[in-house]
1. What FRET efficiency, computed as 1/(1 + (r/R0)^6) with R0 = 30 Å and r the Cβ-Cβ distance, is obtained for Gln179 and Asn270, rounded to the nearest 0.05?
2. What translational diffusion coefficient, to the nearest whole µm²/s, does the chain have by Stokes-Einstein, given a Kirkwood radius computed over alpha-carbon pairs, a temperature of 10 °C and 1.306 mPa s viscosity?
3. Could you tell me whether segment 187-279 comes out rounded, prolate or oblate from its Cα gyration tensor? Rule is a ≥ b ≥ c as square roots of the eigenvalues, rounded for a/c under 1.5, then prolate if a/b exceeds b/c, otherwise oblate.
4. What shape does segment 86-169 have by the C-alpha gyration tensor, where a ≥ b ≥ c are the square roots of the eigenvalues, rounded means a/c under 1.5, and otherwise prolate means a/b greater than b/c and oblate the rest?
5. Take the Cβ-Cβ distance between Gln55 and Thr146 as r, set R0 to 22 Å, and report the resulting FRET efficiency rounded to the nearest 0.05.
6. Cβ under 15 Å from Arg387's Cβ, Arg387 left aside: what net charge do those residues give with Lys, Arg +1 and Asp, Glu -1?
7. Can you tell which of Ser310, Ser165, Ser265 shows the greatest fluctuation in a Gaussian network model of the chain with Cα springs below 10 Å?
8. Viscosity 0.692 mPa s, temperature 37 °C: Stokes-Einstein D of segment 1-129 from its Kirkwood Cα radius, in µm² per second?
Amino acid sequence: MAARHEVLIIGGGNAGISLAARLHRYGVKDVAVIEPKDHHLYQPLFSHIAGGRAQAGEAIRTQESVTPKGVTWIHDAAADVDPEANTVTLASGAVVGYGQLVVCPGLQFDWAAVPGLAEAVHSPHGASHYEFDLAPKAWTLLSSLTAGTAVFTMPAGPIKCGGASQKPMYLACDYWREQGVLDKIRVVMVQPYPTVFGVPEVDRELDRKIAEYGIELRTNSELVAVNPAERKATIRDNAANTTEDLAYDVLNAVPPQSAPDWLKSTTLPNPGDAGGFVEVDRQTLRHLRYPNVWSLGDAAGTTNSKSGGSLRKQAKVLAKNLVAARKGKPLKAKYNGYSVCPFTVSRDTVVFAEFDDRYRPMPTIPRVPTWNESKLSWVVDRDLFPRIYWNLILKGRA
C-alpha cells in the first residue's frame, strides 16, 4: 500500500474539489483527491463558448491552483476499488487505503455507441460542445453558416446537464437572426423525450422560443448513426419506429454517456444498473452496502437531473453526513433532489429551470417563476455563476 488517508476522493472535478474543501473546513485533516488531469474545467461555460458568448480561457484553471491547501492531490487515475479491503488501485499500479471513500469521477463519453459519431465531430462539419477542445470549433462552424441545415442532438439516458444540449442552438439562432440569415437556415433539434425538457412550465417557455426561431423539434427521436463523408445523420423516430437520413451542413452532437468502465467493473454499482452508477441512498448519499463509501455528482446513482446546481446541494449534504458518520452520529442531512438548468435562449436572456427529481418546479425563491425568459437570469448565469464557482464553490463556501 502506497499510502492511506482518512478520506479519499476519486475525482477532482466540481464534486471532488468542492467536497474536499468543505471537509477540510469541517475539520477533516487528512483528505486526498485522485485526479489524473492537469487542468480543471468549468463545464457550464462550454455552451457559451460554443455560442460565441465566452472565451475558452474563462473555463479553465490548473488543477494545482484549485486543489485546496492542506488537501493531498494524487496525480493519478483510479482503476479499481476493493471496498472489502478499503483500498483503491491506481492506474500506475499503486494501492491507496482509506477510512472513508467518496466516488465522484464524473461520466465517460460513449462515442462508439453511435457509429460514425466520433469521426463526425472531428470532421470539418461537426463538433460537440460537451468537449472543451471542440466547443470553440462549434462556434466557428455555427457563426460561419449563412444557409443550409444545422442539426443539434441529445442522447437518451443520464447525461451531464441534459438541457445544455440545446443552449448553443438558441445562441446560434439569435445570432443568425441578427445577421439576417435565420430564414435561410433549417434548424433541427433531436430530443429523445416526449417534450423539449420535461418541466411543463419550462416546456411552454422553450416551445415559445422554438416557434420564434422556426426550429424543427424532433421529440421521441435519437441520433443512431452518422456518415461524416456524406454529411448525413440517421435519426430514429422511436414512437413511429422509423429512421430518416438527414443531410446537414453543421452537426453539433452530444454523445451518449455512462459511468466510467472501471467503475462499472467494481461492486459499487447496483448489479442491475447497466449505466454503472454508484448505488447510494438518494437522500444521505451513503452507499447502501458499504457504510464507509459515498458518492455524489454525475456518477452517483441518484434520480435527479445531473447538474452543477444539484451537485452544490449534494456536497453540503454529503460533507455533513460523512463527518457525522465518522463520529458515530446519525445522518441528519438529506438531499431533496434539487437541480437547475439555465437555458440561454438568446444572446442576453435565460430561462432558469429549477426542479426536483420528479421534474416538478422547485424555485429557490418560493412562488417566483424563474422559468420566465429574463435578462437578469442571463447576468446570473453568465457573469455571476462563474465567479461564484471559482471563488466560493471550489473553496467549499457556497
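Derivation of every value follows stated rules applied to the coordinates shown; laboratory data play no part. Keep in mind that what you see is a predicted model, and the values were worked out from it rather than measured. For neighbour counting, all protein chains shown are included, and Cβ atoms are generated from backbone atoms with ideal geometry for every residue, glycine included.
1. Efficiency, rounded to the nearest 0.05: 0.05.
2. 73 µm²/s
3. Judged from the Cα gyration tensor, segment 187-279 comes out oblate (a/c at least 1.5, b/c at or above a/b).
4. Prolate, since a/c reaches 1.5 and a/b exceeds b/c.
5. Rounded to the nearest 0.05, the efficiency is 0.40.
6. Value of the local net charge: +2.
7. Highest fluctuation of the listed residues: Ser265.
8. Estimated diffusion coefficient is 200 µm²/s.
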